[in-house]
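**Q** Have a look at this one before I ask anything.
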Amino acid sequence: MPAQDNAEPTLTREDVVKVAMLARLALSDAELSSLTDELSQIVGLVSQLSELNTDDVEPLAHPLDSQNVFREDNPAPSLKTADALRCAPRHDGECFLVPAVLGESGSA
Amino acid sequence: MTLTTRSAAELATALQQGETTSVECTTAFLDRIEATNPTINAFLSIDRDGALAKAASVDAARAQGKSLGPLAGLPVAVKDVLCTTDQKTTCASKMLKTFEPPYDADVVRRLREADAVILGKTNMDEFAMGGSNENSAYGLVRNPWDTDRAPGGSSGGSAAAVAADMAPLAIGSDTGGSIRQPAGLCGITGLKPTYGRVSRRGLIAFSSSLDQIGPMARSAKECAMLLQTIAGHDSGDSTSINTPVPDYLTDLEKPLQGLRIGRVAAHFSEGLDPEVAEHVEQTFATYEAAGATIHEVELPHAAYGVPTYYLIAPSEASSNLARYDGAHYGHRWDGTPSDDQGINTFDSPLVEMYCRSRAEGFGPEVKRRIMLGTYALSAGYYDAYYAKALRVRRLIRNDFTQAFEKVDLIGGPVSATPAFKLGEKTDDPIAMYLVDLYTVGANLAGIGGISFPCGFTQSKLPIGFQLQGPALSEPLLLQAAHQYQQTTDWHLQRTTAISS
């Protein structure tokens, strides 16, 4: 493997809390601690890429040099409402049911 | 002769000639699963009734002389990452414990149309994230050659099922080596086709620019049979390749005279197990004896494959897995408050439901990768990590393009070691990620790769050999593996480590 970068970036617990909220994960105290260590190690591994000069390299987002694919805009049957709702944790037969979008903080 | 020890090719002939029936054959495999699954845990669900009903209908159609599909009456195991309307699809996650998909994956549809008999759904690392099958929410899978060892992953259940004679054919998926590595560690043959050769519709998405479905079986010939059924364009997957599917069986018997195989010196550097190195070198010698020529080639950026992969795959995963929100399908938090000292303050009741549902539904490795991907895509880090990885991805693909100007295929090890002990790497994510060293390149470049057994260690653990080829080189990959299997019998050896 390429040599480790000396200036290995390290995540703080605050960084991990911020990322967890972006990722919508209510991580436990223990998970925040272990992920702070593990993500720092993994970021150290992936930071090896900074050794490479890629100034003149175009990003490759997709392995095939594919072009956009078009089709005729013809109406066709889609998933029935009942099928779409069948695995929903809560629904009223028409809509998915979720807690209030606006409201008090849910802190215990 | 016991039906379960016969290859799919032999079973197909026996079925056509009336020596056995699909019901008899399917029953034999179901009984074998019932006897061995408590030990191996290769299957998450077994569809005895559905499989026997399909087998009976194939037998009836055959008796009436009706035309049948190419896999008529042959049992197949399907990785639980593919949607099936008649069986739960869990992706080995608590998140999808009760998920009953409203449609079949395109690959499942093709298997049904080919008259295959789907035995059940195989175990895997949760959301296909892992290299040992220890990340399943429904228990680890044991390697049939040594039940204290991992079968590899993430298609560990499919690989173990074939190795333990629980299924003659299996479907896997490969995002960074998830077909080839478990095939290697379990002593079977597995092909990762070119990106886009097989439709991903109904494949539960992990990393959409890397994921590809492929066949797993004892031999290359059986992989060719299975690929023939599952390959092809699908208007439901805009990344599926719209070129005709060749006949994968046509070229299998052609000799390898003049085939140019590349050897990468860096594959044999520190970290490669000596017994693996010895058998891989012997495999090159076998190819030379068969008329191929071996040429040194370089893949200068190969060492950057794992870091590149562990930025791109988690980034795409963090986006793909955002769909599990506790609202549409999947696990939902029941509202019980928590007094944990971790994240416990939320902007709204809706956000709390999202965050708690996801925290409960996902296992540790899935959370780790979502976190890593979210970090790599977040403001201030996007250019340094994700965009950087996309640039290195192009360098890695260019390496392969240049190598394939000199050689037809590139050979080498699949994994640096034979199957490792269960628990050996579970506390060390970096060690587990480095397991993917030899396999991630093909996914990043979108090319094909095949893994097949090339020997055993002194302690009777299988060793795999990998061939990689340019985009759409599946006929050549299958031919080269098949020709090797005509002069060797590694792929025919059966484990004695589990009772039958």
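**Q** Going through A:Leu52, A:Leu25, A:Leu39 one at a time, which residue ends up being modelled with pLDDT of 95 or more, facing chain B (nearest Cβ under 7 Å) and in contact with a His (Cβ under 9 Å, 6 or more places away or on another chain)? Even if it seems obvious, please write down each step before you answer.
**A** On the way: A:Leu25 fails: in contact with a His (Cβ under 9 Å, 6 or more places away or on another chain); A:Leu39 fails: in contact with a His (Cβ under 9 Å, 6 or more places away or on another chain).
Just one listed residue meets the conditions, A:Leu52.
**Q** Let me ask something else. Take segment B:219-233 and flag every residue that is part of a loop (DSSP other than H, G, I, E, B) and open to solvent by 10 Å² or more (accessible area, probe 1.4 Å).
**A** B:Ser219, B:His233
**Q** Quick check on this structure: which one of B:Ala419, B:Ala379 is away from chain A (no Cβ under 14 Å) and small (Gly, Ala, Ser)?
**A** B:Ala419
**Q** Identify all residues within segment B:451-463 that are assigned to a strand (DSSP E or B) and open to solvent by 10 Å² or more (accessible area, probe 1.4 Å); write none if there are none. Steps first, please.
**A** If we filter segment B:451-463 for residues that are assigned to a strand (DSSP E or B), which is where we start, we get B:451-456, B:462-463.
Hit for segment B:451-463 is B:Phe456, nothing else.
**Q** Residue by residue through segment B:1-50, note down the ones that are open to solvent by 40 Å² or more (accessible area, probe 1.4 Å) and assigned to a loop (DSSP other than H, G, I, E, B).
**A** Within segment B:1-50, B:Met1, B:Thr2, B:Arg6, B:Gln17, B:Gly18, B:Glu19, B:Thr21 qualify.
**Q** With out of contact with any Ser or Thr (no Cβ under 7 Å at 6 or more places or on another chain), at the interface with chain A (Cβ under 7 Å from one of its Cβ atoms) and either open to solvent by 10 Å² or more (accessible area, probe 1.4 Å) or within 27 Å of B:Pro470 (Cβ to Cβ) (or both) as the only criterion, which of B:Arg394, B:Arg332, B:Arg323 stands out? Break it down stepwise before answering.
**A** Working: B:Arg332 fails: out of contact with any Ser or Thr (no Cβ under 7 Å at 6 or more places or on another chain); B:Arg323 fails: at the interface with chain A (Cβ under 7 Å from one of its Cβ atoms).
Criteria check complete, one pass: B:Arg394.
**Q** From the list A:Leu25, A:Leu45, which one is surrounded by 12 or more Cβ atoms within 10 Å (Cβ to Cβ) and in a helix (DSSP H, G or I)?
**A** Exactly one of A:Leu25, A:Leu45 is surrounded by 12 or more Cβ atoms within 10 Å (Cβ to Cβ) and in a helix (DSSP H, G or I), namely A:Leu45.
**Q** All but one of (1) farther than 27 Å from B:Ala9 by Cβ; (2) in contact with a Cys (Cβ under 6 Å, 6 or more places away or on another chain) hold for B:Ile294, so report the exception by its number.
**A** Of the numbered conditions (1) farther than 27 Å from B:Ala9 by Cβ; (2) in contact with a Cys (Cβ under 6 Å, 6 or more places away or on another chain), the odd one out for B:Ile294 is (2).
**Q** Select from segment A:55-64 the residues that are open to solvent by 10 Å² or more (accessible area, probe 1.4 Å) and at the interface with chain B (Cβ under 7 Å from one of its Cβ atoms) and list them in ascending order.
**A** A:Val57, A:Glu58, A:Pro59, A:Ala61, A:His62, A:Leu64
**Q** Can you tell me which residues in segment B:121-169 are at negative phi and surrounded by fewer than 24 Cβ atoms within 10 Å (Cβ to Cβ)?
**A** B:Glu134, B:Ala137, B:Tyr138, B:Leu140, B:Asp146, B:Thr147, B:Asp148, B:Arg149 - these are the residues of segment B:121-169 that are at negative phi and surrounded by fewer than 24 Cβ atoms within 10 Å (Cβ to Cβ).
Each row is one residue, and each column tells you yes or no for (1) out of contact with any helix residue (DSSP H, G or I) (no Cβ under 6 Å at 6 or more places or on another chain); (2) assigned to a strand (DSSP E or B); (3) more than 16 Å from B:Arg197 (Cβ to Cβ).
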residue	(1), (2), (3)
B:Ala419	no, no, yes
B:Gly423	yes, no, yes
B:Thr426	yes, no, yes
B:Tyr433	no, no, yes
B:Tyr438	yes, no, yes
B:Leu444	no, no, yes
B:Gly449	no, yes, no
B:Phe465	no, yes, yes
B:Pro475	yes, no, no
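**Q** Taking the condition of being among the charged types (D, E, K, R) and within 17 Å of B:Leu467 (Cα to Cα), how many residues in segment B:255-281 meet it?
**A** Going through segment B:255-281, the residues among the charged types (D, E, K, R) turn out to be B:260, B:263, B:270, B:273, B:275, B:278, B:281.
So of that shortlist, the ones also within 17 Å of B:Leu467 (Cα to Cα) come out as B:260, B:263, B:278, B:281.
The qualifying residues number 4.
The values are calculated or read from the model by the stated rules, or taken from the named source; none is laboratory data. Bear in mind the structure is a predicted one, so any value in this text is a computation, not a measurement. Methodologically, a virtual Cβ is constructed for each residue, glycine included, from the backbone with ideal geometry; neighbour enumeration extends over all protein chains shown. For accessibility, only protein heavy atoms count, side chains too; no ligands or nucleic acids. Shrake-Rupley method; radii C 1.70, N 1.55, O 1.52, S 1.80 Å.
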